[in-house]
1. Could you say whether any residue in the stretch 96-110 is open to solvent by 40 Å² or more (accessible area, probe 1.4 Å), more than 11 Å from the ligand (Cβ to nearest atom) and closer than 19 Å to Ile223 by Cβ?
2. Here is a list of conditions, (1) touching a Ser or Thr at 6+ places or on another chain (Cβ under 6 Å); (2) closer than 23 Å to Leu8 by Cβ, and Ser127 meets all of them except one; can you say which number that is?
3. Can we say Glu265 is outside any strand (DSSP E or B) and either at pLDDT 95 or above or open to solvent by less than 40 Å² (accessible area, probe 1.4 Å) (or both)?
4. Those residues that are surrounded by 22 or more Cβ atoms within 10 Å (Cβ to Cβ) and not in a loop (DSSP other than H, G, I, E, B), I need them from the stretch 212-222; list them, please.
5. Search the stretch 267-288 for residues that are away from the ligand (no atom under 15 Å from the Cβ) and pair each with any residue that is of a type in the set (Asp, Glu) when their beta-carbon atoms are under 8 Å apart and the residues are at least 6 apart or on different chains.
6. Search the stretch 41-58 for residues being part of a helix (DSSP H, G or I) and open to solvent by less than 90 Å² (accessible area, probe 1.4 Å), and hand back the single one that is farthest from Tyr23 (Cα to Cα).
7. What residue, of Arg305, Arg310, is over 23 Å from Ala238 (Cβ atoms) and without any contact (Cβ under 8 Å) to a residue 40 or more places away in the chain?
8. Checking the structure you have, find out if any residue of the stretch 321-344 is at pLDDT 95 or above, assigned to a loop (DSSP other than H, G, I, E, B) and open to solvent by less than 30 Å² (accessible area, probe 1.4 Å).
Amino acid sequence: MSLSRYDLTRQQVAELLDNAPKYRTDQVWEGMYRDCSEPDDWSTLPRALRERLSGLLPRALTEVLRSVSDDGQTIKYLWGLADGNRIETVLMLYPDRATVCVSSQAGCAMACSFCATGQAGFSRHLSVGEIVEQVALARRDAAGVDRRVSNIVFMGMGEPLANTEPVFEACRRIHDDLGISARSITVSTVGVVPGIRALAEFELPVNLAVSLHSADDASRDPIVPINRRYPLDAVIGACQDYLRVRRRRVSFEWGMISGVNDRAEDAELLADLCHRLEPSAHVNLIPLNPTPGYATVGSGHQTVRGFQRRLENLGVNATIRRNRGTEIDAACGQLAAQGVSIGRRPERNRQTTSSARPT
Ligand code: SAH
């Protein structure tokens, strides 16, 4: 596959510019990483060069659809890649900042039962450029409404720790060139043990979140099939090693599934796992988004609150993740899962590219 705009290193950009003076490379790099704009907008450059750069710096992502919800505060993008694959990115705006949720793979091989991406299967890894461009384009839109992107979460499509090299290099760019603090970048994994170990060795102290969803192997196996390869003991062991190196609190994600993992005994088992880490893990309770391929429903609000209180009584900090964009299918992989039917579904909050802009 040919290199796209954000695949290129600064050195490669300099080479593209032939013998131009060094400040030209700086101007291009600023256009890409400070302004996150298009070559056409780089008015410090001569017009002929701008035109040439449009061809030399091809975009990796083409907008297929953009959905807006939460009064314009959640924007979900469906991107087409050069080879026809589709991925998603979510931009969540808050009063004084913004978070971008990025995809690390087209599809996912982990096959978690309740996850729309898992139900659709794996297509391929994303390149550095495909990951970084998601952040750059979301940042451009955030800047348009005076928000600064402060946080990045690898919680879109794919398993980031099954694609470590591009993900780590993308983290470097996001940190070094987009200026986002490593402590504001979170890599979420289903529990790929070698990946957790690699993350502990990675030079940037990014956060680790582990999608646990169940605290005993017998009931985790069917929900999170990779558990057969990396059972809970191995995952917790890797988290302990990560903590020894990093001294950064780990968080556990827990999608609340009615009758499956929302009972009192589930909270107790989870609290035991949390306490095996020092400091104890933080729990993020996620109200389950319904997906077509999974019959079981999410826990009701009262149950989620009760589960949270139970964890807190057991000495574990737990927060309930606010559901963003439920009505635009902002759960992992849901937009892409609808495939070609996307543009035709007459839903009140779904808007097409040309008409939807964050307000
Ligand atoms: N593969 C990584 C990151 C992508 S998914 C991982 O598993 O952590 C990001 C989070 O969304 C994970 O915690 C995942 O379990 C959760 N998720 C997936 N489908 C969901 C759904 N239908 N409802 C709620 N959370 C979901």
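The values are calculated or read from the model by the stated rules, or taken from the named source; none is laboratory data. Computed from a prediction, not measured in an experiment: that's the story for all the values here. Cβ coordinates were reconstructed from backbone atoms using ideal geometry, including for glycine residues, and neighbour counts include every protein chain displayed. Ligands, DNA and RNA are excluded from the accessible area calculation, which covers all protein heavy atoms including side chains. Shrake-Rupley method; radii C 1.70, N 1.55, O 1.52, S 1.80 Å.
1. As a first pass, look at the stretch 96-110 and keep what is open to solvent by 40 Å² or more (accessible area, probe 1.4 Å): 96-97, 109.
Filter once more, keeping what is more than 11 Å from the ligand (Cβ to nearest atom): 96-97.
If we keep only those that are closer than 19 Å to Ile223 by Cβ too, we end up with none.
Checked against the condition, which is being open to solvent by 40 Å² or more (accessible area, probe 1.4 Å), more than 11 Å from the ligand (Cβ to nearest atom) and closer than 19 Å to Ile223 by Cβ, the stretch 96-110 yields no hits at all.
2. With respect to (1) touching a Ser or Thr at 6+ places or on another chain (Cβ under 6 Å); (2) closer than 23 Å to Leu8 by Cβ, Ser127 is out only on (1).
3. Values: outside any strand (DSSP E or B): yes; either at pLDDT 95 or above or open to solvent by less than 40 Å² (accessible area, probe 1.4 Å) (or both): yes.
Spelling it out, Glu265 is indeed outside any strand (DSSP E or B) and either at pLDDT 95 or above or open to solvent by less than 40 Å² (accessible area, probe 1.4 Å) (or both).
4. The first filter runs over the stretch 212-222 and keeps only residues surrounded by 22 or more Cβ atoms within 10 Å (Cβ to Cβ), leaving 212-215.
Residues satisfying the conditions do not exist here.
5. Note: pairs meeting the criteria are Leu269/Asp216.
6. Going through the stretch 41-58, the residues part of a helix (DSSP H, G or I) turn out to be 41, 47-56.
Checking which are open to solvent by less than 90 Å² (accessible area, probe 1.4 Å) leaves us with 48-50, 53-56.
On the way: Ala48: 17, Leu49: 14, Arg50: 15, Leu53: 15, Ser54: 18, Gly55: 20, Leu56: 18 Å.
So the residue we want is Gly55.
7. Details: Arg310 fails: without any contact (Cβ under 8 Å) to a residue 40 or more places away in the chain.
On inspection, the qualifying residue turns out to be Arg305.
8. So in the stretch 321-344, the residues at pLDDT 95 or above come out as none.
Scanning the stretch 321-344, I find no residue that is at pLDDT 95 or above, assigned to a loop (DSSP other than H, G, I, E, B) and open to solvent by less than 30 Å² (accessible area, probe 1.4 Å), so the answer is no.
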